[in-house]
Amino acid sequence: MSFDIKKIREDFPILKRKVNNAPLVYLDNAATSQKPQQVIDCIVAYYSNYNANIHRGVHSLSQEATDAYEKARKTLQLHFNAAHSHEILFTAGTTESINLVASGFSELLKTGDEIIVSALEHHSNIVPWQMLCERTGAILKVIPMNEDGTLQMDRYSNLLNDNTKLVFVNHISNALGIINPIKKIIEQAHQVGAAVLIDGAQACSHIKADVQALDVDFYVTSAHKMCGPTGVGMLYIKEAWGKTLPPYQGGGEMIATVTFEKTTYAEMPHKFEAGTPNICGGIAFGAAVDYLNSIGFDAIKKQEEALLSYATEQLLQIDGLKIYGTASEKTSVISFNVSEIHPYDIGTILDKLGIAVRTGQHCTQPIMDFYGIPGTVRASFAFYNTKEEVDALVNAVKRATMMLS
Amino acid sequence: MTIKEIQEELIDEFAMFDDWMQKYEYMIDLGKTLPLIDAEKKTDDKLIKGCQSKVWLNSEMQEDKIVFTADSDAIITKGIIAIMIRVFSHQTPDAIVAANTDFIAEIGLQEHLSPTRANGLVSMVKQMKLYAIAYQATNK
């Protein structure tokens, strides 16, 4: 299928709007993606036609809603190539997925066990593990980073030992866009018997992850980064771990039998899905994945790589502009500063010109401390962005730099 | 001048500009003229942490008036600080407690005082008022 950018942009109604009297240039895709009409229609259709509670009704509406929800689970299973659909759990998002695993491990870890995280993690993939260590007496170790934003893999090898129980690394760093060598990280962790959780929140809109090929134990992501709605995410949990980990929350749906003497838990995935889930969100998540696949991940990659290389080249022509995260293996994210100008100032001027970027620490204080900067301006591109929008960004940064120096 | 008079003066000054660019350029200039806070006063207890930019605020009593000095690591934030200092510094605690910041909306810069902006400015204004309340209490 040929890549028709004009037609693709037609799918996203929000891209037609103006911000501060200027056409919106949306370059904050790493924070959240925009939603195509196909996903919006799916949400409207659910509430207009078949809203009902799932998994427990004998009536037709409930059956329709259940079918649609389970079909979405199947869509995710196929997309991520999980061996079984019950290995796909719906959650409230990446953060909840991580907390679910951390909570489960709090019953399995003991004093002296070791957990490894990378220096590139989002706060949401640091704090739950610190809390887990406080609860269990386990020790948190950190894989250090290099100046170009890559991980020090030799240091990682040295950190691994028989006490290592868990390794947590993001597939792609949210602040810098660097793609981590997760296959190697997983292989090495498995050699010492440690489980691995990969945070795919930043990856899934760019890369189709294959959980079986990766042999990963847990893979987590959020729908809203993938053209889906907020408030819903996924935890891929390898079957063996799904059986080992205790339930996360108690409630309806997650039980097999309940008496006041003893409750037995339901099988996966329901064991981890207590209460009425985000039914509409789950169904729309499926629609979003279908949408991305209809564009095709090869086409997405091609478009985003073109935008990244053009934007990098154009931005670097601005005097004093420095890009953080310069390794070659990266997605369409550019984190930068211009001379000593504060990122907040640049972001404020860009907003006035209709350009949406993220500024600040990106919930990655350790990375900012590493570079000794208060934050960065982060422009993140999606397949629906254009070369003209890159030009608008570059011109706006030039204008901001002139005003602020 | 009273707080109200200074606020009127600022509204007039900003009314001269036709577009946001000129307004921002003026604000940035104001930020550059902000007298520097003494380095030894830029301590952590004077730091108001926004997620986006940092603000340091110091207050001192000179006779019956409060003198504020402040700084920020971001220049646009500094511009707003300069405006706030011009309005609130060298005023009595009573006048500061009684004043409001509605003039910012009239100037057209209210977005910078949005609590969700996380630039530390809302907390700074709150802190200025708290200092005034504290001085009021100690003087009574």
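The values are calculated or read from the model by the stated rules, or taken from the named source; none is laboratory data. It should be emphasised that the depicted structure is a prediction, and the values quoted were computed from it without experimental measurement. No Cβ is skipped: glycine too gets one built from the backbone with ideal geometry, and neighbour counts run over all protein chains shown.
Scan the stretch B:84-97 and give yes if some residue there is in contact (Cβ under 8 Å) with a residue 60 or more places away in the chain, under 16 Å from the mean Cα position of the chain (by Cα) and within 14 Å of another protein chain (Cβ to nearest Cβ), otherwise no.
no
For the stretch A:226-282, what are the residues that are under 26 Å from A:TYR50 (Cα atoms) and in a helix (DSSP H, G or I)?
Within the stretch A:226-282, A:MET226, A:HIS270, A:LYS271, A:PHE272, A:ILE279, A:CYS280, A:GLY281, A:GLY282 meet the criteria.
Considering each residue of the stretch B:103-127, count those that are within 14 Å of chain A (Cβ to nearest Cβ) and assigned to a helix (DSSP H, G or I), and give that number.
Matching residues across the stretch B:103-127 total 7.
Since A:SER106 meets every condition but one in (1) farther than 21 Å from A:PRO247 by Cβ; (2) among the polar types (S, T, N, Q); (3) surrounded by 14 or more Cβ atoms within 10 Å (Cβ to Cβ), which condition does it not meet?
Answer for A:SER106: the failing condition is (1).
Which of (1) in contact with an Asp or Glu (Cβ under 8 Å, 6 or more places away or on another chain); (2) at negative phi is the odd one out, the single condition A:GLU253 does not satisfy?
(2)
Looking at (1) loosely packed, with under 14 Cβ neighbours inside 10 Å; (2) in a helix (DSSP H, G or I); (3) modelled with pLDDT under 95, which is the one condition that is false for A:LYS6?
(3)
Note down all Cβ pairs under 6 Å where the first residue falls in the stretch A:248-271 and is assigned by TED's automatic domain parsing to the domain that holds A:HIS86 and in contact (Cβ under 8 Å) with a residue 60 or more places away in the chain, the second is surrounded by 13 or more Cβ atoms within 10 Å (Cβ to Cβ) and in a helix (DSSP H, G or I), and they're at least six residues apart or on different chains.
A:TYR248/A:LEU100; A:TYR248/A:SER103; A:TYR248/A:PHE272; A:GLU253/A:HIS270; A:MET268/A:HIS86; A:MET268/A:GLY242; A:PRO269/A:HIS86
So A:HIS362 clears everything in (1) under 21 Å from A:SER222 (Cβ atoms); (2) part of a helix (DSSP H, G or I); (3) within 14 Å of chain B (Cβ to nearest Cβ) except one condition, right? Which one?
(2)
Being in contact with a strand residue (DSSP E or B) (Cβ under 7 Å, 6 or more places away or on another chain), more than 13 Å from chain A (Cβ to nearest Cβ) and either of a type in the set (S, T, N, Q) or free of Cβ contacts under 8 Å to residues at least 60 places away in the same chain (or both) is the filter here; which residues of the stretch B:48-68 pass it?
Of everything in the stretch B:48-68, those that are in contact with a strand residue (DSSP E or B) (Cβ under 7 Å, 6 or more places away or on another chain), more than 13 Å from chain A (Cβ to nearest Cβ) and either of a type in the set (S, T, N, Q) or free of Cβ contacts under 8 Å to residues at least 60 places away in the same chain (or both) turn out to be B:TRP56, B:ASN58, B:SER59, B:GLU60, B:LYS65, B:VAL67.
For the stretch B:1-102, please list each of the strands (runs of 3 or more DSSP E) lying entirely inside it that holds at least 1 residues being hydroxyl-bearing (Ser, Thr, Tyr).
So the answer is B:54-62, B:65-72.
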